[in-house]
Amino acid sequence: MWFLPVLIRNLLKGPSTEAFPFGEAMTPKKMRARIAFDPESCALCRVCARICPAGAIQFEKRPDGLEFNLWHNSCVFCGLCTLYCESEGLHATGDWHLSHPQSEKYDLVEKATVKFQKCSKCGKQKMPAPLPLMAKLYPGLSADEIERLRAMCPQCRKAETAPQDGGTQ
Amino acid sequence: MNAQNPSLLSRLSSKSPWLYRINAGSCNGCDVELATTAIIPRYDVERLGCQYCGSPKHADIVLITGPLTIRVKDKVLRLYEEIPDPKVTVAVGVCPISGGVFRDSYAIAGPLDNFIPVDINIPGCPPRPQAIIEGIAKAIAIWQSRI
């Protein structure tokens with residue numbers, strides 16, 4: 001007799017098989033799958049390429065900057081790059097639809113060129129200073145101040161933010 | 001077998017390809033996910049008409065996991081030869097596709113496609129069961145075009 005409640009419950013619950021591939025599949029909210037790269041928030045520190053255990057991330061020299069390459073066929077979704085990216089340029093998305101025919105094997109690459117910039121003060125070529133990183137470095141400053149410092153090279157920024165005439169900032 | 005209607009056998013078998021797993025030195029993560037797609041009712045790969053078989057001679061779709069270690073390479077190639085043509089090869093996980101974290105190791109013979117013609121790649125470490133089912137669905141489409 002004790003099987004009756006279980007039987008009724010199972011009948012009410014409906015099938016336990018997921019509808020996929022004939023319907024939508026459930027994806028957990030925090031699932032780590034395809035890694036997305038935002039070239040706007042890359043400081044070109046290249047920690048991600050150093051930390052990647054599978055060697056999936058590589059930087060290549062280009063005349064006006066560095067090209068970021070992430071091969072999804074090598075990425076193991078460990079999430080170390082998203083953890084170590086201080087400028088929040090790398091994010092894990094929930095997109096797990098990565099299966100592909102062999103002809104597309106080498107097309108499955110996240111690719112973007114991060115360009116060098118010119119210092120607004122001395123005009124020298126410099127690495128980009130993305131907004132999330134600068135907001136962490138100068139927490140007390142206003143948005144306009146941070147925008148002004150972002151456009152400078154590290155030397156000019158140091159001179160700008162150092163206390164002048166022995167006083168405090 | 002079917003002299004009058006040779007397409008009958010093809011028509012029947014195109015609906016029920018049999019899957020065969022080869023572990024080419026895998027860490028067992030992808031193999032667990034492959035077993036999950038077949039055994040657990042939540043994923044149930046048999047809805048697509050396929051089922052796992054124990055003998056390479058019955059296989060239609062081959063699922064290969066692992067980075068193809070040097071020790072297992074000859075055995076995998078011998079096993080692959082035993083599978084009758086036409087067959088569809090699916091590389092499951094990043095290891096057979098690129099080597100994954102084992103790439104450039106002294107114990108690794110390959111990416112798999114240096115030795116075996118691969119048709120479908122399912123990257124992931126391991127790929128989730130739904131991703132494997134998606135890849136198998138693509139492999140079944142190739143299988144139906146080949147038979």
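Looking at segment A:40-53, is at least one residue touching a Phe, Trp or Tyr at 6+ places or on another chain (Cβ under 9 Å), of a type in the set (Lys, Arg) and more than 13 Å from chain B (Cβ to nearest Cβ)?
Scanning segment A:40-53 turns up at least one residue that is touching a Phe, Trp or Tyr at 6+ places or on another chain (Cβ under 9 Å), of a type in the set (Lys, Arg) and more than 13 Å from chain B (Cβ to nearest Cβ).
Does A:Glu18 meet the test of being part of a loop (DSSP other than H, G, I, E, B), more than 16 Å from A:His91 (Cβ to Cβ) and touching a helix residue (DSSP H, G or I) at 6+ places or on another chain (Cβ under 8 Å)?
Judged against the criteria, A:Glu18 is a match.
Is there a residue in segment B:47-58 that is at pLDDT below 95, within 30 Å of A:Leu80 (Cβ to Cβ) and within 12 Å of chain A (Cβ to nearest Cβ)?
No: segment B:47-58 contains no residue that is at pLDDT below 95, within 30 Å of A:Leu80 (Cβ to Cβ) and within 12 Å of chain A (Cβ to nearest Cβ).
Got a sec? Which of A:Cys81, A:Cys85 is touching a Leu at 6+ places or on another chain (Cβ under 9 Å) and closer than 16 Å to A:Ala43 by Cα?
Every option except A:Cys81 fails the conditions.
Condition first: under 21 Å from B:Ile136 (Cβ atoms) and among the polar types (S, T, N, Q). Now tell me which residues in segment A:86-129 satisfy that.
Within segment A:86-129, A:Ser99, A:Gln102, A:Ser103 qualify.
Scan segment B:30-42 and tell me whether some residue there is among the hydroxyl-bearing types (Ser, Thr, Tyr), within 13 Å of chain A (Cβ to nearest Cβ) and part of a loop (DSSP other than H, G, I, E, B).
Within segment B:30-42, none of the residues are among the hydroxyl-bearing types (Ser, Thr, Tyr), within 13 Å of chain A (Cβ to nearest Cβ) and part of a loop (DSSP other than H, G, I, E, B).
Restricting to segment B:110-129, and then to whatever is within 19 Å of A:Leu108 (Cα to Cα) and in a helix (DSSP H, G or I), can you tell me which residue is nearest to the other protein chains (Cβ to nearest Cβ)?
By that ranking, first place goes to B:Asp113.
Given the residues B:Leu63, B:Leu112, B:Leu68, which is the only one that is of a type in the set (A, V, I, L, M), out of contact with any strand residue (DSSP E or B) (no Cβ under 6 Å at 6 or more places or on another chain) and buried (at least 16 other Cβ atoms within 10 Å of the Cβ)?
B:Leu68
Tell me which residues, restricted to segment B:88-109, are within 14 Å of chain A (Cβ to nearest Cβ) and surrounded by fewer than 21 Cβ atoms within 10 Å (Cβ to Cβ).
Matches in segment B:88-109: B:Val101, B:Phe102, B:Arg103, B:Asp104, B:Ser105, B:Ile108.
Step by step: first the residues of segment B:27-60, then only those that are of a type in the set (Gly, Ala, Ser) and in contact with a strand residue (DSSP E or B) (Cβ under 7 Å, 6 or more places away or on another chain), then the one that is farthest from A:Ser16 (Cα to Cα). Which residue is that?
Restricting to residues being of a type in the set (Gly, Ala, Ser) and in contact with a strand residue (DSSP E or B) (Cβ under 7 Å, 6 or more places away or on another chain), the top hit is B:Ala59.
Would you call A:His72 under 28 Å from B:Ile116 (Cβ atoms) and free of Cβ contacts under 8 Å to residues at least 12 places away in the same chain?
Criteria not met by A:His72.
Of a type in the set (Phe, Trp, Tyr), out of contact with any strand residue (DSSP E or B) (no Cβ under 9 Å at 6 or more places or on another chain), closer than 21 Å to B:Pro123 by Cα and not in a helix (DSSP H, G or I): is that true of B:Tyr20 in this structure?
Here the answer is no, as B:Tyr20 does not meet what is asked.
The values are calculated or read from the model by the stated rules, or taken from the named source; none is laboratory data. The model shown is predicted, which means the values in this text are computed figures rather than measured ones. Backbone-built Cβ (ideal geometry, glycine too); neighbour counts: all protein chains shown.
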